[in-house]
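*Asks:* Questions regarding the structure given below will be posed in turn.
The values are calculated or read from the model by the stated rules, or taken from the named source; none is laboratory data. This is a predicted model, so every value here is computed, not measured. Please note: Cβ atoms are built from the backbone with ideal geometry, for glycine as well, and neighbour counts cover all protein chains shown.
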């Protein structure tokens, strides 16, 4: 009977051993593939054929989601426009209706939470006739985007954030997370 020669098993196992060098090559290959996939997805979503429909779909969903708030804003805007006011559609990162006039000035000066330059209710921004700066408009448009995200729950979330700030001994307006985010948006102007 003839026996097969015994091979050196240790030398065969060495070729399959885990080595840090091999692991680094595998990790870098995985990283490269992941990076290429992300680049491809970014290019895909930056193309106008994909970006515009996705953007408009999100905008329309936000408008519908915030429509109960926008209805209240439109109800407040109606007398402003009827009594010599001005309405203007704002198109930017989101759509909003900007309403100004003498009635708006009256409403904003006698607001229950204190006098203000402007306020956003859903997708409606009510502002003073003459005192609207770009910074204030950007601040209010941040609130419009917040309303589009939170929908009909936005007033409750806003009040809860103010209550949380007050419970911690901080100012209910200045430390409200929604106001902090809106002031942060102003800085990017």
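*Asks:* Suppose we filter 147, 185 for residues that are surrounded by fewer than 21 Cβ atoms within 10 Å (Cβ to Cβ), under 18 Å from the mean Cα position of the chain (by Cα) and under 25 Å from residue 104 (Cα atoms); which single one remains?
*Replies:* Working: 147 fails: surrounded by fewer than 21 Cβ atoms within 10 Å (Cβ to Cβ).
Step by step, each of 147, 185 is checked, and only 185 is surrounded by fewer than 21 Cβ atoms within 10 Å (Cβ to Cβ), under 18 Å from the mean Cα position of the chain (by Cα) and under 25 Å from residue 104 (Cα atoms).
*Asks:* Run residue 92 past the list (1) surrounded by fewer than 17 Cβ atoms within 10 Å (Cβ to Cβ); (2) farther than 27 Å from residue 177 by Cβ and report the number of the one that doesn't hold.
*Replies:* All conditions are met except number (2).
*Asks:* All but one of (1) more than 28 Å from residue 149 (Cα to Cα); (2) in a helix (DSSP H, G or I); (3) at pLDDT 85 or above hold for residue 24; which doesn't?
*Replies:* (3)
*Asks:* Kindly evaluate residue 70 against the criterion of being in contact with a strand residue (DSSP E or B) (Cβ under 9 Å, 6 or more places away or on another chain), under 30 Å from residue 136 (Cβ atoms), part of a helix (DSSP H, G or I) and at pLDDT 75 or above.
*Replies:* Spelling it out, residue 70 is indeed in contact with a strand residue (DSSP E or B) (Cβ under 9 Å, 6 or more places away or on another chain), under 30 Å from residue 136 (Cβ atoms), part of a helix (DSSP H, G or I) and at pLDDT 75 or above.
*Asks:* Taking the criterion of being over 23 Å from residue 185 (Cα atoms) and either under 18 Å from the mean Cα position of the chain (by Cα) or buried (at least 18 other Cβ atoms within 10 Å of the Cβ) (or both), would at least one residue in segment 108-124 satisfy it? Step through it out loud before you land on a result.
*Replies:* If we filter segment 108-124 for residues that are over 23 Å from residue 185 (Cα atoms), which is where we start, we get 109-112.
Narrowing the set further to residues that are either under 18 Å from the mean Cα position of the chain (by Cα) or buried (at least 18 other Cβ atoms within 10 Å of the Cβ) (or both) leaves none.
Looking through segment 108-124, none of the residues is over 23 Å from residue 185 (Cα atoms) and either under 18 Å from the mean Cα position of the chain (by Cα) or buried (at least 18 other Cβ atoms within 10 Å of the Cβ) (or both).
*Asks:* A further question follows. Which residues, taken from segment 62-91, are without any contact (Cβ under 8 Å) to a residue 40 or more places away in the chain and under 14 Å from residue 147 (Cβ atoms)?
*Replies:* Residue satisfying the conditions is 64 alone.
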